[in-house]
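Contents: one structure, followed by commentary.
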Amino acid sequence: MAVPIIKHVRAFTVRGGGADYHDQGRDHWIDDNISTPMSKYPAYRESRQSFGINVLGTLVVEIETDTGVTGFAVTTGGEIGAFIVEKHLARFCEGRPVTDIEIMWDQMFNGTLYYGRRGIVLNAISGVDLALWDLLGQVRQEPVYAMIGGPVRDELQFYATGARPDLAKDMGFIGGKMAVQHGPAQGKDGMVAELTRLEKMRNAVGEDFWLMFDCWMSLDVNYATKLATAAHDYGLKWIEEALPPDDYWGYAELRRNVPRGMMVTTGEHEATRWGFRLLLEMECCDILQPDVGWCGGLTELLKISALADAHNKMVVPHGSSVYSYHFVITRHNSPFSEFLMMAPKADEVVPMFSPMLLDEPIPVNGRMKVPDRPGFGVRLSPDLDLNRPYDH
(Lines give C-alpha, C1' and ligand atoms only; values in the text may rest on other atoms or scores of the structure.)
Protein backbone atom coordinates (compact mmCIF):
# COMPACT_ATOMS: atom_id res chain seq x y z
CA MET A 1 0.00 0.00 0.00
CA ALA A 2 1.34 3.44 -0.94
CA VAL A 3 2.50 5.62 1.94
CA PRO A 4 0.42 8.83 2.18
CA ILE A 5 2.17 12.05 1.19
CA ILE A 6 1.99 15.25 3.22
CA LYS A 7 0.00 17.80 1.23
CA HIS A 8 -0.69 20.69 3.62
CA VAL A 9 0.91 22.14 6.76
CA ARG A 10 -1.17 24.79 8.49
CA ALA A 11 -0.58 26.86 11.63
CA PHE A 12 -3.22 28.50 13.81
CA THR A 13 -3.27 30.56 16.99
CA VAL A 14 -5.74 30.58 19.85
CA ARG A 15 -5.94 32.47 23.13
CA GLY A 16 -7.11 31.52 26.62
CA GLY A 17 -5.38 28.57 28.23
CA GLY A 18 -4.62 25.42 26.29
CA ALA A 19 -0.97 24.78 25.52
CA ASP A 20 -0.11 28.29 26.74
CA TYR A 21 -1.33 27.33 30.19
CA HIS A 22 -0.14 30.68 31.60
CA ASP A 23 -2.76 32.47 29.48
CA GLN A 24 -5.38 32.27 32.21
CA GLY A 25 -7.89 34.64 33.73
CA ARG A 26 -7.33 36.67 36.86
CA ASP A 27 -6.99 35.05 40.29
CA HIS A 28 -5.43 31.83 38.96
CA TRP A 29 -2.74 30.32 41.19
CA ILE A 30 -0.34 29.96 38.26
CA ASP A 31 -0.04 33.75 38.00
CA ASP A 32 -0.18 34.65 41.68
CA ASN A 33 2.96 35.83 43.51
CA ILE A 34 5.47 33.37 42.07
CA SER A 35 9.20 34.05 42.14
CA THR A 36 10.62 34.74 38.67
CA PRO A 37 13.76 36.26 37.12
CA MET A 38 11.76 39.52 37.06
CA SER A 39 11.02 39.47 40.81
CA LYS A 40 13.98 41.77 41.47
CA TYR A 41 11.74 44.51 40.06
CA PRO A 42 8.89 45.23 42.52
CA ALA A 43 6.56 46.31 39.70
CA TYR A 44 6.69 42.81 38.20
CA ARG A 45 6.75 40.75 41.39
CA GLU A 46 3.14 39.94 42.16
CA SER A 47 1.96 38.71 38.77
CA ARG A 48 3.81 36.87 36.02
CA GLN A 49 1.39 38.27 33.47
CA SER A 50 2.59 41.74 34.44
CA PHE A 51 5.85 41.13 32.58
CA GLY A 52 4.18 39.29 29.71
CA ILE A 53 4.34 35.57 30.41
CA ASN A 54 1.11 35.13 28.44
CA VAL A 55 1.92 37.22 25.37
CA LEU A 56 2.45 34.34 22.94
CA GLY A 57 -0.71 32.26 23.16
CA THR A 58 -1.14 28.74 21.82
CA LEU A 59 0.18 27.47 18.49
CA VAL A 60 -1.82 24.76 16.72
CA VAL A 61 -0.13 22.83 13.90
CA GLU A 62 -2.30 20.77 11.56
CA ILE A 63 -0.86 18.46 8.89
CA GLU A 64 -2.93 16.81 6.16
CA THR A 65 -2.06 14.05 3.69
CA ASP A 66 -3.06 13.63 0.06
CA THR A 67 -5.56 11.02 1.26
CA GLY A 68 -7.32 13.48 3.58
CA VAL A 69 -5.98 12.15 6.89
CA THR A 70 -4.98 14.87 9.37
CA GLY A 71 -2.88 15.07 12.50
CA PHE A 72 -2.37 17.99 14.82
CA ALA A 73 -0.52 19.16 17.90
CA VAL A 74 -0.47 22.16 20.20
CA THR A 75 2.35 24.02 21.90
CA THR A 76 3.27 27.55 22.96
CA GLY A 77 4.25 29.88 20.16
CA GLY A 78 1.34 32.01 19.02
CA GLU A 79 1.68 34.22 15.95
CA ILE A 80 5.48 34.16 15.91
CA GLY A 81 5.46 30.38 15.87
CA ALA A 82 2.75 30.33 13.21
CA PHE A 83 4.91 32.51 10.95
CA ILE A 84 7.89 30.18 11.34
CA VAL A 85 5.76 27.10 10.59
CA GLU A 86 4.01 28.53 7.54
CA LYS A 87 6.84 30.52 6.00
CA HIS A 88 9.79 28.26 6.77
CA LEU A 89 9.15 24.80 8.24
CA ALA A 90 6.31 23.73 5.94
CA ARG A 91 8.67 23.35 2.95
CA PHE A 92 10.54 20.55 4.72
CA CYS A 93 7.36 18.49 5.18
CA GLU A 94 5.05 19.04 2.23
CA GLY A 95 5.59 16.49 -0.50
CA ARG A 96 7.20 13.93 1.82
CA PRO A 97 5.85 10.55 2.95
CA VAL A 98 4.35 10.65 6.45
CA THR A 99 7.00 8.16 7.58
CA ASP A 100 9.96 10.49 6.92
CA ILE A 101 9.91 12.08 10.38
CA GLU A 102 13.63 11.85 11.08
CA ILE A 103 14.75 13.67 7.93
CA MET A 104 12.02 16.28 8.33
CA TRP A 105 13.24 17.03 11.86
CA ASP A 106 16.85 17.25 10.74
CA GLN A 107 16.03 19.63 7.90
CA MET A 108 13.80 21.83 10.08
CA PHE A 109 16.53 22.12 12.70
CA ASN A 110 19.44 22.70 10.35
CA GLY A 111 17.39 24.97 8.10
CA THR A 112 16.71 27.31 11.05
CA LEU A 113 20.11 26.94 12.71
CA TYR A 114 21.21 30.45 11.78
CA TYR A 115 18.43 32.02 13.82
CA GLY A 116 17.11 29.16 15.94
CA ARG A 117 18.74 26.48 18.13
CA ARG A 118 16.22 26.92 20.96
CA GLY A 119 13.40 29.18 22.14
CA ILE A 120 10.46 29.96 19.88
CA VAL A 121 12.00 28.22 16.86
CA LEU A 122 12.29 24.96 18.79
CA ASN A 123 8.70 25.43 20.01
CA ALA A 124 7.60 25.63 16.39
CA ILE A 125 9.70 22.61 15.37
CA SER A 126 8.29 20.71 18.34
CA GLY A 127 4.73 21.52 17.29
CA VAL A 128 5.34 20.26 13.75
CA ASP A 129 7.11 17.15 15.02
CA LEU A 130 4.29 16.25 17.42
CA ALA A 131 1.73 16.79 14.67
CA LEU A 132 3.75 14.44 12.44
CA TRP A 133 3.66 11.71 15.09
CA ASP A 134 -0.07 12.24 15.57
CA LEU A 135 -0.55 12.04 11.81
CA LEU A 136 1.47 8.83 11.53
CA GLY A 137 -0.66 7.33 14.28
CA GLN A 138 -3.83 8.31 12.44
CA VAL A 139 -2.52 6.73 9.23
CA ARG A 140 -1.47 3.52 10.98
CA GLN A 141 -4.41 3.56 13.41
CA GLU A 142 -1.98 3.08 16.28
CA PRO A 143 -1.34 5.07 19.46
CA VAL A 144 1.96 6.91 19.53
CA TYR A 145 3.21 4.83 22.44
CA ALA A 146 2.89 1.68 20.34
CA MET A 147 5.05 3.21 17.61
CA ILE A 148 7.93 4.12 19.95
CA GLY A 149 8.38 0.81 21.71
CA GLY A 150 5.21 0.02 23.59
CA PRO A 151 4.38 0.38 27.30
CA VAL A 152 6.76 -0.80 30.01
CA ARG A 153 4.14 -0.44 32.77
CA ASP A 154 0.37 -0.72 33.02
CA GLU A 155 -0.34 2.86 34.06
CA LEU A 156 1.19 6.22 34.88
CA GLN A 157 1.48 7.64 38.38
CA PHE A 158 1.61 11.38 38.96
CA TYR A 159 2.78 14.08 41.26
CA ALA A 160 0.84 17.36 41.17
CA THR A 161 2.16 20.85 40.57
CA GLY A 162 -0.01 23.50 42.16
CA ALA A 163 -0.68 25.74 45.11
CA ARG A 164 -2.18 23.04 47.37
CA PRO A 165 -0.10 19.89 47.88
CA ASP A 166 -2.34 19.02 50.83
CA LEU A 167 -5.33 18.76 48.50
CA ALA A 168 -3.24 16.88 45.95
CA LYS A 169 -2.52 14.23 48.57
CA ASP A 170 -6.24 13.79 49.17
CA MET A 171 -6.67 13.33 45.40
CA GLY A 172 -4.22 10.41 45.34
CA PHE A 173 -1.08 12.04 43.91
CA ILE A 174 2.32 10.78 45.08
CA GLY A 175 3.67 14.28 45.71
CA GLY A 176 3.09 17.99 45.43
CA LYS A 177 5.31 20.67 43.94
CA MET A 178 4.89 24.28 45.00
CA ALA A 179 6.10 27.40 43.26
CA VAL A 180 8.62 29.35 45.31
CA GLN A 181 7.18 32.78 46.11
CA HIS A 182 10.27 34.61 47.38
CA GLY A 183 13.71 35.07 45.89
CA PRO A 184 17.00 36.80 46.61
CA ALA A 185 15.47 40.28 46.29
CA GLN A 186 13.29 39.61 49.35
CA GLY A 187 16.27 38.57 51.45
CA LYS A 188 16.09 36.80 54.81
CA ASP A 189 12.45 37.67 55.45
CA GLY A 190 11.44 36.08 52.16
CA MET A 191 13.34 32.89 52.95
CA VAL A 192 11.76 32.66 56.40
CA ALA A 193 8.32 33.04 54.82
CA GLU A 194 9.14 30.30 52.31
CA LEU A 195 10.30 27.88 54.99
CA THR A 196 7.29 28.67 57.15
CA ARG A 197 5.01 27.77 54.25
CA LEU A 198 6.94 24.55 53.65
CA GLU A 199 6.74 23.59 57.33
CA LYS A 200 3.00 24.22 57.36
CA MET A 201 2.53 22.03 54.28
CA ARG A 202 4.73 19.25 55.68
CA ASN A 203 2.63 19.20 58.84
CA ALA A 204 -0.50 18.95 56.69
CA VAL A 205 0.64 16.07 54.43
CA GLY A 206 2.75 13.98 56.79
CA GLU A 207 6.25 12.58 56.40
CA ASP A 208 5.88 10.23 53.41
CA PHE A 209 4.27 12.56 50.86
CA TRP A 210 6.74 14.17 48.43
CA LEU A 211 7.16 17.94 48.62
CA MET A 212 9.21 19.85 46.06
CA PHE A 213 10.08 23.48 45.27
CA ASP A 214 9.79 24.90 41.73
CA CYS A 215 11.97 28.00 41.56
CA TRP A 216 11.34 28.94 37.90
CA MET A 217 14.87 30.20 37.12
CA SER A 218 14.65 32.88 39.82
CA LEU A 219 17.42 32.17 42.35
CA ASP A 220 21.20 32.37 42.51
CA VAL A 221 23.57 29.67 43.73
CA ASN A 222 24.04 31.18 47.18
CA TYR A 223 20.33 31.68 47.87
CA ALA A 224 19.36 28.31 46.40
CA THR A 225 21.99 26.52 48.51
CA LYS A 226 20.75 28.18 51.70
CA LEU A 227 17.13 27.43 50.83
CA ALA A 228 17.85 23.78 50.04
CA THR A 229 19.89 23.32 53.21
CA ALA A 230 17.17 24.79 55.42
CA ALA A 231 14.38 22.96 53.55
CA HIS A 232 16.09 19.62 54.15
CA ASP A 233 14.71 19.67 57.70
CA TYR A 234 11.22 19.47 56.20
CA GLY A 235 12.00 16.60 53.84
CA LEU A 236 12.13 18.55 50.58
CA LYS A 237 12.55 15.94 47.83
CA TRP A 238 14.03 18.22 45.18
CA ILE A 239 14.71 21.82 44.26
CA GLU A 240 13.75 22.51 40.65
CA GLU A 241 15.05 24.97 38.06
CA ALA A 242 16.66 27.13 40.71
CA LEU A 243 18.95 29.00 38.28
CA PRO A 244 18.80 30.46 34.76
CA PRO A 245 18.95 27.62 32.23
CA ASP A 246 22.31 28.68 30.76
CA ASP A 247 24.09 28.61 34.13
CA TYR A 248 25.41 25.05 33.82
CA TRP A 249 28.33 25.87 36.13
CA GLY A 250 25.94 27.15 38.79
CA TYR A 251 23.82 24.01 38.59
CA ALA A 252 26.89 21.83 38.97
CA GLU A 253 27.92 23.80 42.07
CA LEU A 254 24.40 23.69 43.51
CA ARG A 255 24.17 19.93 43.05
CA ARG A 256 27.47 19.51 44.91
CA ASN A 257 26.22 21.72 47.73
CA VAL A 258 22.68 20.51 48.48
CA PRO A 259 22.11 18.17 51.43
CA ARG A 260 22.75 14.49 50.80
CA GLY A 261 19.63 12.81 49.50
CA MET A 262 18.03 15.95 48.07
CA MET A 263 17.82 16.09 44.28
CA VAL A 264 18.46 18.99 41.92
CA THR A 265 16.24 18.98 38.83
CA THR A 266 16.05 21.16 35.74
CA GLY A 267 15.58 21.18 31.96
CA GLU A 268 12.11 22.65 31.46
CA HIS A 269 13.59 25.51 29.46
CA GLU A 270 16.44 23.52 27.90
CA ALA A 271 16.31 22.25 24.31
CA THR A 272 17.82 19.58 22.05
CA ARG A 273 20.20 16.73 22.83
CA TRP A 274 23.12 19.16 22.87
CA GLY A 275 21.70 21.28 25.69
CA PHE A 276 20.87 18.22 27.75
CA ARG A 277 24.29 16.74 27.01
CA LEU A 278 25.82 19.70 28.86
CA LEU A 279 23.52 19.14 31.86
CA LEU A 280 24.54 15.48 31.96
CA GLU A 281 28.27 15.78 31.35
CA MET A 282 28.64 18.64 33.83
CA GLU A 283 26.62 16.68 36.42
CA CYS A 284 24.16 19.51 36.87
CA CYS A 285 21.14 17.57 38.06
CA ASP A 286 19.55 14.30 39.10
CA ILE A 287 16.42 14.44 36.95
CA LEU A 288 16.01 15.96 33.49
CA GLN A 289 12.68 17.70 32.86
CA PRO A 290 12.37 18.52 29.15
CA ASP A 291 9.08 19.83 27.82
CA VAL A 292 8.23 17.83 24.70
CA GLY A 293 6.53 20.88 23.20
CA TRP A 294 9.65 23.02 23.59
CA CYS A 295 12.73 20.78 23.50
CA GLY A 296 12.37 19.62 19.89
CA GLY A 297 9.32 17.38 19.97
CA LEU A 298 9.04 13.64 20.50
CA THR A 299 11.76 12.86 17.94
CA GLU A 300 14.28 14.82 19.97
CA LEU A 301 12.94 13.74 23.35
CA LEU A 302 13.68 10.12 22.45
CA LYS A 303 17.32 11.07 21.81
CA ILE A 304 17.51 13.06 25.06
CA SER A 305 16.09 10.09 26.94
CA ALA A 306 18.59 7.66 25.45
CA LEU A 307 21.43 10.02 26.39
CA ALA A 308 20.08 10.29 29.94
CA ASP A 309 19.69 6.52 30.19
CA ALA A 310 23.36 6.09 29.32
CA HIS A 311 24.16 8.42 32.24
CA ASN A 312 21.77 6.54 34.56
CA LYS A 313 19.53 9.60 34.95
CA MET A 314 15.77 9.90 35.08
CA VAL A 315 13.74 11.85 32.54
CA VAL A 316 10.47 13.23 33.94
CA PRO A 317 9.05 15.62 31.33
CA HIS A 318 7.59 18.96 32.25
CA GLY A 319 3.79 18.73 32.28
CA SER A 320 2.59 18.53 28.68
CA SER A 321 -0.48 16.33 28.83
CA VAL A 322 -0.83 13.53 26.25
CA TYR A 323 2.35 14.57 24.47
CA SER A 324 4.44 13.37 27.40
CA TYR A 325 2.13 10.55 28.58
CA HIS A 326 2.80 8.51 25.43
CA PHE A 327 6.52 8.93 26.00
CA VAL A 328 6.63 8.21 29.74
CA ILE A 329 4.64 4.98 29.48
CA THR A 330 7.38 3.56 27.19
CA ARG A 331 10.52 4.52 29.14
CA HIS A 332 12.12 2.67 32.05
CA ASN A 333 13.93 5.84 33.16
CA SER A 334 10.65 7.82 33.37
CA PRO A 335 9.02 6.24 36.44
CA PHE A 336 6.40 8.94 37.10
CA SER A 337 4.80 12.00 35.51
CA GLU A 338 3.96 15.61 36.30
CA PHE A 339 0.38 16.85 36.30
CA LEU A 340 -0.27 20.59 36.29
CA MET A 341 -3.28 21.49 38.42
CA MET A 342 -5.07 23.88 36.09
CA ALA A 343 -8.10 24.56 38.28
CA PRO A 344 -7.72 28.20 39.42
CA LYS A 345 -7.49 27.21 43.09
CA ALA A 346 -5.74 23.87 42.45
CA ASP A 347 -8.62 22.20 44.24
CA GLU A 348 -9.83 19.79 41.55
CA VAL A 349 -8.41 17.73 38.69
CA VAL A 350 -9.29 19.22 35.30
CA PRO A 351 -7.80 18.54 31.83
CA MET A 352 -4.40 20.19 31.60
CA PHE A 353 -4.92 21.79 28.17
CA SER A 354 -8.57 22.69 28.66
CA PRO A 355 -10.51 24.00 26.77
CA MET A 356 -8.52 22.99 23.67
CA LEU A 357 -8.64 19.22 23.56
CA LEU A 358 -11.46 16.71 23.51
CA ASP A 359 -10.90 13.26 25.08
CA GLU A 360 -7.93 14.55 27.09
CA PRO A 361 -7.38 12.00 29.87
CA ILE A 362 -6.89 12.97 33.51
CA PRO A 363 -5.54 10.97 36.44
CA VAL A 364 -7.94 9.35 38.87
CA ASN A 365 -6.49 8.83 42.35
CA GLY A 366 -3.17 9.98 40.91
CA ARG A 367 -3.05 7.27 38.23
CA MET A 368 -3.97 6.89 34.58
CA LYS A 369 -3.98 4.36 31.79
CA VAL A 370 -2.93 5.95 28.50
CA PRO A 371 -5.90 5.61 26.11
CA ASP A 372 -5.52 3.11 23.27
CA ARG A 373 -6.53 5.52 20.48
CA PRO A 374 -4.73 6.46 17.26
CA GLY A 375 -2.05 9.13 17.46
CA PHE A 376 -2.02 11.04 20.73
CA GLY A 377 -5.66 10.11 21.23
CA VAL A 378 -7.17 13.60 21.43
CA ARG A 379 -9.21 15.82 19.15
CA LEU A 380 -9.20 19.58 18.71
CA SER A 381 -12.34 21.19 20.13
CA PRO A 382 -14.60 22.54 17.36
CA ASP A 383 -15.56 25.45 19.62
CA LEU A 384 -12.12 27.07 19.51
CA ASP A 385 -11.71 30.48 17.91
CA LEU A 386 -8.80 29.48 15.66
CA ASN A 387 -6.97 32.13 13.69
CA ARG A 388 -4.62 31.44 10.78
CA PRO A 389 -2.51 34.60 10.60
CA TYR A 390 -0.29 33.40 7.72
CA ASP A 391 -0.42 30.96 4.82
CA HIS A 392 1.92 29.85 2.09
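Restricting the stretch 352-367 to residues that are in a strand (DSSP E or B) and over 18 Å from the mean Cα position of the chain (by Cα), the residue that is farthest from residue 25 (Cα to Cα) is 367.
Filter the stretch 368-380 for residues that are assigned to a loop (DSSP other than H, G, I, E, B) and in contact with a Gly (Cβ under 9 Å, 6 or more places away or on another chain); which is farthest from residue 141 (Cα to Cα)? Taking the candidates together, the pick is 370. Of all residues in the stretch 74-119, exactly one satisfies the criterion of being under 24 Å from the mean Cα position of the chain (by Cα), part of a loop (DSSP other than H, G, I, E, B) and of a type in the set (A, V, I, L, M), namely 113.
Going by the conditions given, is residue 185 in the same structural domain as residue 252 (by TED's automatic domain parsing), assigned to a helix (DSSP H, G or I) and either modelled with pLDDT under 95 or over 19 Å from residue 244 (Cβ atoms) (or both)? In short, no. Taking the condition under 19 Å from the mean Cα position of the chain (by Cα) and over 23 Å from residue 17 (Cβ atoms), does residue 139 pass? The answer is no for residue 139.
Those helices (runs of 4 or more DSSP H) of the stretch 234-335 in which 2 or more residues are touching a Cys at 6+ places or on another chain (Cβ under 8 Å) occupy 248-257, 272-281, 297-310. In the stretch 347-365, the residues that are touching a residue at least 40 places away in the same chain (Cβ under 8 Å) and closer than 11 Å to residue 19 by Cα reach residues that are β-branched (Val, Ile, Thr) and in a loop (DSSP other than H, G, I, E, B) with C-beta atoms within less than 7 angstrom, at least six apart or across chains, in these pairs: 357/378. In this structure, is residue 238 under 22 Å from residue 346 (Cβ atoms) and out of contact with any helix residue (DSSP H, G or I) (no Cβ under 6 Å at 6 or more places or on another chain)? Judged against the criteria, residue 238 is a match.
Residues in the stretch 234-243 include none that are farther than 16 Å from residue 286 by Cα and of a type in the set (D, E, K, R).
Determine if the stretch 291-300 includes at least one residue that is more than 21 Å from residue 133 (Cβ to Cβ) and either surrounded by fewer than 19 Cβ atoms within 10 Å (Cβ to Cβ) or modelled with pLDDT of 95 or more (or both). No - not one qualifying residue is present in the stretch 291-300. No other residue among 260, 331, 273, 277 is more than 18 Å from residue 217 (Cα to Cα) and either of a type in the set (Val, Ile, Thr) or in contact with a Lys or Arg (Cβ under 7 Å, 6 or more places away or on another chain) (or both) apart from 273.
Checking 69, 55, 60 one by one, the residue that is under 23 Å from residue 292 (Cβ atoms), β-branched (Val, Ile, Thr) and buried (at least 23 other Cβ atoms within 10 Å of the Cβ) is 60 and no other.
If you check every pair at least six apart or on different chains, which have Cβ atoms under 9 Å apart with a residue in the stretch 197-208 that is within 15 Å of residue 181 (Cα to Cα) and touching a residue at least 12 places away in the same chain (Cβ under 8 Å) first and a residue that is among the aliphatic types (A, V, I, L, M) and crowded, with 18+ Cβ neighbours inside 10 Å second? Qualifying pairs under 9 Å: 197/178; 198/178; 198/211; 198/231; 198/236; 201/178; 201/211. Does the stretch 308-316 contain any residue that is touching a helix residue (DSSP H, G or I) at 6+ places or on another chain (Cβ under 8 Å) and within 23 Å of residue 31 (Cα to Cα)? Checking the stretch 308-316: not a single residue is touching a helix residue (DSSP H, G or I) at 6+ places or on another chain (Cβ under 8 Å) and within 23 Å of residue 31 (Cα to Cα). Each residue in the stretch 352-374 was checked for being buried (at least 19 other Cβ atoms within 10 Å of the Cβ) and over 19 Å from residue 144 (Cβ atoms), and 1 of them qualify. When the stretch 217-227 is filtered for residues that are within 15 Å of residue 262 (Cβ to Cβ) and crowded, with 24+ Cβ neighbours inside 10 Å, the ones remaining, listed by number, are 219, 224, 227. Entry remark, the stretch 254-272: residues being among the charged types (D, E, K, R) and surrounded by fewer than 19 Cβ atoms within 10 Å (Cβ to Cβ) number 2 in total.
Using the structure shown, decide if residue 349 is crowded, with 21+ Cβ neighbours inside 10 Å, within 22 Å of residue 165 (Cβ to Cβ) and within 18 Å of the chain's Cα centre (by Cα).
yes
The values are calculated or read from the model by the stated rules, or taken from the named source; none is laboratory data. On a predicted model such as this, the values are computed, not experimentally measured, just so you know. As a convention, Cβ positions derive from the backbone with ideal geometry for all residues, glycine included, and neighbour counts pool all protein chains shown.
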